Amino acid sequence: QRTADQISAAEPKFRELSDEQLRNKTNEFRQSLKQGASIEDVLVEACAAMREASRRGRNHRQFDVQLSAGLSLHESKIAEEATGEGKTIACYLAIYLACLLGKKVHLVTVNDYLVQRARDFAAPIFELLGLTVGAIQATMDASEAAERRAQYDCHITYGTNSEFGFDYLRDNMKISPEAQVQGPLDFA
């Protein structure tokens, strides 16, 4: 609860920022991390920045319990939420923190409809933070490596377990790393 209170207390500072200043916060956090700060050192402000981007991008603010779920995911723990409790937006915090650490993120969901819906909903939020968001769909031609690679080159890629799995298998059959599409498998 203490962290949620700290994040809430930091929010007004981020409301005063322009969109460009908010977007620049991502680079500031990354620079701090490169200079030796830990993710915990920037955690409260990063959470407040993500919450503000969510407010601007989609006119919603994560509840404290959703922030707690996101922090649990960031710590490689499991967070359980019932249908309708906001799993789709609870993960934004863990995604953002992973991206700050330079990781590529794969968000796995169960079908193409949810892939596109969740990607389209999240994109304006993450774009306000200077991040790119892609989607892998079953309707994409697997032989069109450039299209798939462009989606995987995004900071965050939404897809289904089967599309990610088959791309992984296809990548392992490629003759050279340059022919592979998926890129690093950092955080899902």
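Pairs meeting the criteria (first residue in the range 8-19 and part of a helix (DSSP H, G or I), second residue modelled with pLDDT of 95 or more, beta carbons under 6 Å, at least 6 apart or on different chains) are Ala10/Val44; Ala10/Glu45; Ala10/Ala48; Glu11/Ala48; Phe14/Ala48; Phe14/Ala49; Phe14/Glu52. Summed over the range 117-159, residues that are of a type outside the set (Asp, Glu), over 28 Å from Lys25 (Cβ atoms) and surrounded by fewer than 19 Cβ atoms within 10 Å (Cβ to Cβ) total 9. For the range 124-160, a residue qualifies if it is of a type in the set (A, V, I, L, M) and free of Cβ contacts under 8 Å to residues at least 40 places away in the same chain, and the qualifying residues are Val133, Ala135, Ile136, Ala138, Met140, Ala142, Ala145, Ala146, Ala150.
Quick check on the range 66-122: of everything there that is of a type in the set (Val, Ile, Thr) and at pLDDT 90 or above, which residue is farthest from Glu163 (Cα to Cα)? Once the filter is applied, the top-ranked residue is Ile95.
Taken over the range 97-116, the criterion of being over 13 Å from Ile156 (Cβ atoms), of a type in the set (A, V, I, L, M) and either open to solvent by less than 40 Å² (accessible area, probe 1.4 Å) or in a helix (DSSP H, G or I) (or both) is satisfied by Leu114 alone.
The values are calculated or read from the model by the stated rules, or taken from the named source; none is laboratory data. Note that this is a predicted model, so its numbers are computed, not measured. Every residue, glycine as well, gets a Cβ built from its backbone with ideal geometry; the counts of neighbours run over all protein chains shown. For accessibility, only protein heavy atoms count, side chains too; no ligands or nucleic acids. Shrake-Rupley method; radii C 1.70, N 1.55, O 1.52, S 1.80 Å.
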